[in-house]
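A.B. asks: Structure below; questions to follow.
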Amino acid sequence: MRLYLFDEAATDSWHPFSLTRPACELLFGTVLLRERLERFAGRPASAILTRPWLASFQEEGAPPARHRSAPRADEERLFLSSTFVPSVEARFEGRGDTPLLLMLDELVVGCYLPAGSPGPNQQWLEAPAGNPADVTCERRPVDGGLVDAAWRLISENPGRLAADLARDAASRGGVARLPEGTWKLGSEPLMLGAETRVEPGVVFDTRHGPIRLDDAVEVRAGCRLEGPLFVGRSTILLGGAIGTSSIGPVCRIRGEVEESVVLGYTNKAHDGFLGHAYLGRWVNLGAMTTNSDLKNNYGPVRLGSPQGPIETGLTKLGCLLGDHVKTAIGTRINTGTVVGAGANLFGDSVPPTWVRPFSWGHAADPPTFERDRFLQLAERVLERRQVEWSEETEAWLEACWSAANPAVSD
C-alpha cells in the first residue's frame with residue numbers, strides 16, 4: 001500500500017508557509033504533520049500532492065512533491081489530508097477490497113482505495129467531500145483533530161506538545177539522570193538524547209510538563225527551561241527563559257521564548273522576546289528583535305493576510321515568519337504580523353501586519369528582493385550549516401520566487 005498526502009485548497013492560504021512548503025512539512029508538537037500521518041498509516045509517504053510550483057521541494061526526509069492529481073490506479077493507495085491530525089495512539093485499520101472514506105465526525109479527511117479502483121480527481125483532492133471519483137466507499141471513523149489555519153499550529157501546540165511528550169516518556173520507560181550542577185523543579189519527566197551537553201547552572205522546570213532534548217542538543221549556562229518543551233537535534237540553547245515551545249533541529253536560541261514553534265535551522269542568537277509565534281526554516285532574527293503577542297487593550301488579535309485582516313478570536317497571538325526571513329537589529333514586530341518568505345525587514349518603523357514575500361525593507365511599498373540575489377544569499381546560508389546546495393534546491397526556491405512575483409519576467 002502506498003501513502004499519499006495531499007494539501008487541500010484551503011491550505012493554499014496558510015500564509016506565510018504555503019508559498020515555500022507543503023502544509024504537512026510543518027512542525028506540530030514534537031513531529032512534523034507528515035510524520036504524524038506516516039505513523040498513523042504505518043509507512044512512509046510515497047509523495048505529497050500539493051501546489052504545482054512545489055514540484056522541486058526538497059528537504060531531508062521529505063518525500064517527492066507533485067501537483068494535485070491521482071496516482072496510478074494499479075496500486076493499493078491511502079490518501080490522507082495534510083490538515084488531519086490523528087490522535088497519538090490512532091492507527092489506520094482497513095485494507096482489502098473495500099474502498100473506505102475516512103471520516104472525522106462529518107468531515108472527509110482521506111480515503112483508502114484498493115488496487116484497480118480509480119483515484120480521486122483534482123477537485124476531490126482540493127476539497128474532499130463525498131466519494132472520490134466514481135467509487136462507492138464505506139465510511140470509516142478516525143480519531144483525531146483538524147488544523148484549519150496556520151495560526152492554529154501556535155494556539156493548539158501546547159496541548160499537542162504535552163500529549164506527544166507524555167507518549168515519548170512512556171515509550172522510553174524512564175527518565176534521564178539530572179546533569180551535574182543543574183536543578184530540576186517538578187516531577188514530570190526530563191528526557192535527554194544521545195550526546196546532549198548541559199552546562200552547570202541550568203534550571204529544568206517540569207512542574208507544568210515534560211522536557212525532551214533530542215540528540216546532540218547543547219544547553220549553555222544561564223538557561224531556564226520550562227515544560228512542556230521539545231528541542232530538536234543539534235540545537236544550541238544559548239541562554240534565557242525558554243518554555244512551552246517546539247524547537248526544531250539545528251537552531252541557535254537565546255532570550256525569552258514563550259509558547260512558540262521554530263521549524264528548524266533558525267538563528268535567534270541574541271536577546272529579545274518571541275511569544276506565541278511560528279518561525280519557518282532558515283530565519284535569522286537580528287539582535288533584540290522582539291514581537292508583541294498581546295494588544296494594549298487585551299482585545300482579540302487580527303492576523304495580517306494579503307486579503308486583509310483575519311479574525312482569530314485569540315487574546316494572545318504573536319507573529320508568523322516564513323522561510324528565509326531576515327530581520328535587522330532592534331526590529332519590532334506587532335501582534336498578528338505575517339511576514340512572507342524571503343522578506344528582509346529593516347527600517348525605523350514597525351512593519352505592517354502583512355509583509356509580502358521577498359520584500360526588501362518594510363516601507364509602505366517596498367521593492368522586491370531580486371531573485372538572483374536572494375538565491376545567492378540562500379546558498380550562503382545553507383552552506384553555513386553544512387547543508388548541500390543542489391540544483392533541486394535552487395529550482396525549488398526559484399519557483400517559489402516566481403510564484404510570488406508572476407508579473408516579473410525573466
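The values are calculated or read from the model by the stated rules, or taken from the named source; none is laboratory data. Owing to the predicted nature of the structure, the values given are computational and were not obtained by experimental measurement. Neighbour counts are summed over all protein chains in view; Cβ atoms, including those assigned to glycine, are modelled from backbone coordinates with ideal geometry.
A.B. asks: Restricting region 340-360 to residues that are small (Gly, Ala, Ser) and under 25 Å from the mean Cα position of the chain (by Cα), which is surrounded by the most Cβ atoms within 10 Å (Cβ to Cβ)?
C.D. replies: Kept after step one, since they are small (Gly, Ala, Ser), are these residues of region 340-360: 340-343, 347, 349, 359.
When the remaining residues are screened for being under 25 Å from the mean Cα position of the chain (by Cα), the result is 340-343, 359.
Working: GLY340: 25, ALA341: 28, GLY342: 30, ALA343: 26, SER359: 23.
Within region 340-360, the match that is surrounded by the most Cβ atoms within 10 Å (Cβ to Cβ) is GLY342.
A.B. asks: Here's a follow-up. If I ask for residues that are polar (S, T, N, Q) and assigned to a helix (DSSP H, G or I), which ones from region 336-390 would you list? Please lay out each step first, then the result.
C.D. replies: Step one: filter region 336-390 for residues polar (S, T, N, Q), giving 337, 344, 349, 353, 359, 368, 376, 386, 390.
Selection gives GLN376 alone.
A.B. asks: Just one of PHE204, PHE230 is without any contact (Cβ under 8 Å) to a residue 60 or more places away in the chain and either among the β-branched types (Val, Ile, Thr) or touching a Ser or Thr at 6+ places or on another chain (Cβ under 9 Å) (or both); which is it?
C.D. replies: Working: PHE230 fails: without any contact (Cβ under 8 Å) to a residue 60 or more places away in the chain.
Of PHE204, PHE230, the one residue that is without any contact (Cβ under 8 Å) to a residue 60 or more places away in the chain and either among the β-branched types (Val, Ile, Thr) or touching a Ser or Thr at 6+ places or on another chain (Cβ under 9 Å) (or both) is PHE204.
A.B. asks: Something else now. Checking LEU107 against (1) more than 19 Å from the chain's Cα centre (by Cα); (2) buried (at least 19 other Cβ atoms within 10 Å of the Cβ); (3) modelled with pLDDT of 95 or more, which test does it fail?
C.D. replies: (2)
A.B. asks: Can you find even one residue in region 165-173 that is surrounded by 16 or more Cβ atoms within 10 Å (Cβ to Cβ), in the same structural domain as ASP12 (by TED's automatic domain parsing) and part of a helix (DSSP H, G or I)? Please lay out each step first, then the result.
C.D. replies: Filtering region 165-173 for residues surrounded by 16 or more Cβ atoms within 10 Å (Cβ to Cβ) gives 165-166, 168-169.
Checking the rest, the ones that are also in the same structural domain as ASP12 (by TED's automatic domain parsing) come to none.
No: region 165-173 contains no residue that is surrounded by 16 or more Cβ atoms within 10 Å (Cβ to Cβ), in the same structural domain as ASP12 (by TED's automatic domain parsing) and part of a helix (DSSP H, G or I).
A.B. asks: When the residues of region 37-87 are narrowed to those that are hydrophobic (A, V, I, L, M, F, W, C) and assigned to a loop (DSSP other than H, G, I, E, B), which ends up farthest from PRO249 (Cα to Cα)?
C.D. replies: So the first thing to find is which residues in region 37-87 are hydrophobic (A, V, I, L, M, F, W, C), and the list is 37, 40-41, 45, 47-49, 53-55, 57, 62, 65, 70, 73, 78-80, 84-85.
Of the ones still in play, those that are also assigned to a loop (DSSP other than H, G, I, E, B) are 55, 57, 62, 70, 73.
On the way: ALA55: 24, PHE57: 19, ALA62: 15, ALA70: 33, ALA73: 37 Å.
For region 37-87, the residue satisfying everything is ALA73.
A.B. asks: I've got another one for you. Residues in region 5-18 that are buried (at least 24 other Cβ atoms within 10 Å of the Cβ) and farther than 14 Å from TYR278 by Cβ: how many?
C.D. replies: Qualifying residue count, region 5-18: 4.
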